[in-house]
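In what follows, a single structure is set out as structure tokens and then discussed.
The values are calculated or read from the model by the stated rules, or taken from the named source; none is laboratory data. The shown structure was predicted, so the numbers you read here are calculated from the model rather than taken from an experiment. Using ideal geometry, Cβ is built from the backbone for each residue, glycine included, and neighbour counts are taken over all protein chains shown. SASA here: full protein model, heavy atoms, side chains in, ligands and nucleic acids out. Shrake-Rupley method; radii C 1.70, N 1.55, O 1.52, S 1.80 Å.
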Amino acid sequence: MTDTKITLPESDIPTHYYNIQPDLPTPLAPPLHPGTKEPIGPEMLAPIFPMGVIKHEVTQEPMVEIPDQVRDIYRLYRPSPVFRAKALEELLDTPARIYYKSECGSPVGSHKLNTALMQAYINKQEGVKRIATETGAGQWGSAMACACKLMGLECMVYMVRVSYDQKPYRRIMMKTYGADVVASPSNLTEAGRAALAENPDSPGSLGLAISEAVEDAVKRDDTKYALGSVLNHVLLHQTIIGQEAIKQMELAGDYPDILIGCHGGGSNFAGLAFPFLKDKLKGNRKNLRAIAVEPKSCPSLTGGVREYDFGDVAGNTPLMLMHTLGHKFIPPPVHAGGLRYHGSAPLVSHLLAANVIEAEAYTQGEVFASAMKFAQCEGTIPAPESTHAIHSAIVHALKAREAGEKKVILFNLSGHGHFDLGAYDSYLSGTMDLNS
Ligand SMILES: *Cc1c(COP(=O)(O)O)cnc(C)c1O
């Protein structure tokens, strides 16, 4: 009989991040300068990122050491537990064994603190005093605000106007951590002032908030910028999730057939899957499946094309080779705000193109129906983003029932939904657009 909750001692917090780059079947294509179309060097990123972050972005070292100070703070919430979803298995009457790695117990309620802490540490080491960043729904902003305070940095968050007005609790959380939070567009930057001149009631967008935060970082000597997904260094930092999960599955005496993560920019999916995929890339565990799950309304992996595109809406970033819906694509306002990104991490896109991983897309109606089942069996109310992973796990558990196969499924529960009860309210009251 397996335990319900598989935990590890603090001494099992990983000492290194796992870098998938040297294990890739072919090397990752470099980012390009938008003007010259030549590969960019570190000097182009240096005005916005500290050198240590740029090193993590490009390193080919197989394992990257985690500094003791960062591991010490990870102790606040790591190792995170793996649960066996016994009640959900029973409800589904499936021979599949369903496990989930839960990142809900982090102080900010999601996996994003894993990279925020490492990024804040590097900035502090390099003498940076202040981080400027953007946030849409508020998950990344609250992770960065928390990490900055714990590491002794100031934090400036440009929060998309609509969320600033409609989701006050994440804003209050950031302020509780001592961050400055302004609605974007703001009058603090040229990009913001231009947007306000055009439309004083502009609702803002993630792309615009990125432009404001980057401008802030470029203009001030004491400030750098930080990003919460998509880039190689963010995925690298999240691999502590999968490394812990490998040990936990060993303790459970099981090995996953199917790994599942929801997919916005790709970081929590990669964090769980990449350490397991190392085996597959070396020619073992050939049948191991890893599935990234996205909303039907923003299907960068299942509906986009892999080409060089900008990371932001304004077209200011270097060009990255990734699955994309086009940098001007504005998805409908679905509740899983953290999955509303037009592109996918270059590393995840690369593995999809190489047929190492798979992707699936589902509607809001489907994922929230599964979220209700999960909450009522397992107790945890998942973040709207995480419900995509839950739904896919249920789909595959039901397939296993049909086939009479004892599949082992492991998914990443990237966060809890306590700040997103409005989404549940709209589902329960029947006002949610179920087909979106
Ligand atoms: C931001 C977020 C995501 C999506 O981002 P990824 O980089 O794809 O992981 C998923 N789940 C939660 C809870 C988030 O906050």
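Given the structure, is ALA393 assigned to a helix (DSSP H, G or I) and either in contact (Cβ under 8 Å) with a residue 24 or more places away in the chain or not aliphatic (A, V, I, L, M) (or both)?
Yes, satisfied.
Search the stretch 409-426 for residues that are away from the ligand (no atom under 15 Å from the Cβ) and pair each with any residue that is of a type in the set (Phe, Trp, Tyr) and not in a loop (DSSP other than H, G, I, E, B) when their beta-carbon atoms are under 6 Å apart and the residues are at least 6 apart or on different chains.
So the pair list comes out as LEU410/TYR99.
So which residues in the stretch 248-282 are more than 11 Å from the ligand (Cβ to nearest atom), within 16 Å of TYR18 (Cβ to Cβ) and not in a helix (DSSP H, G or I), if there are any at all?
LEU259, LYS282
MET432: assigned to a loop (DSSP other than H, G, I, E, B), over 20 Å from LEU259 (Cα atoms), of a type outside the set (S, T, N, Q) and open to solvent by less than 60 Å² (accessible area, probe 1.4 Å), yes or no?
yes
For ALA369, all conditions in the list (1) surrounded by 21 or more Cβ atoms within 10 Å (Cβ to Cβ); (2) among the aliphatic types (A, V, I, L, M); (3) out of contact with any strand residue (DSSP E or B) (no Cβ under 8 Å at 6 or more places or on another chain) hold save one; what is the number of the exception?
Just one mismatch for ALA369, condition (1).
Go through the residues of the stretch 213-226 one by one and say whether even a single one is within 16 Å of the ligand (Cβ to nearest atom) and either open to solvent by 10 Å² or more (accessible area, probe 1.4 Å) or free of Cβ contacts under 8 Å to residues at least 60 places away in the same chain (or both).
no
I need the full set of residues from the stretch 117-142 which are within 11 Å of the ligand (Cβ to nearest atom) and in contact with a Gly (Cβ under 7 Å, 6 or more places away or on another chain), in order please.
Scanning the stretch 117-142 gives THR135, GLY136, ALA137, GLN139, TRP140.
Suppose the filter is at pLDDT 95 or above and part of a loop (DSSP other than H, G, I, E, B); does GLU385 pass it?
Answer is yes for this residue.
For (1) over 30 Å from ILE246 (Cα atoms); (2) at pLDDT 95 or above; (3) open to solvent by less than 20 Å² (accessible area, probe 1.4 Å), each residue gets a yes or a no:
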{"residue": "TYR121", "(1), (2), (3)": "no, yes, no"}
{"residue": "LYS124", "(1), (2), (3)": "yes, yes, no"}
{"residue": "GLY127", "(1), (2), (3)": "yes, yes, no"}
{"residue": "MET159", "(1), (2), (3)": "yes, yes, yes"}
{"residue": "PRO168", "(1), (2), (3)": "yes, no, no"}
{"residue": "MET174", "(1), (2), (3)": "yes, yes, yes"}
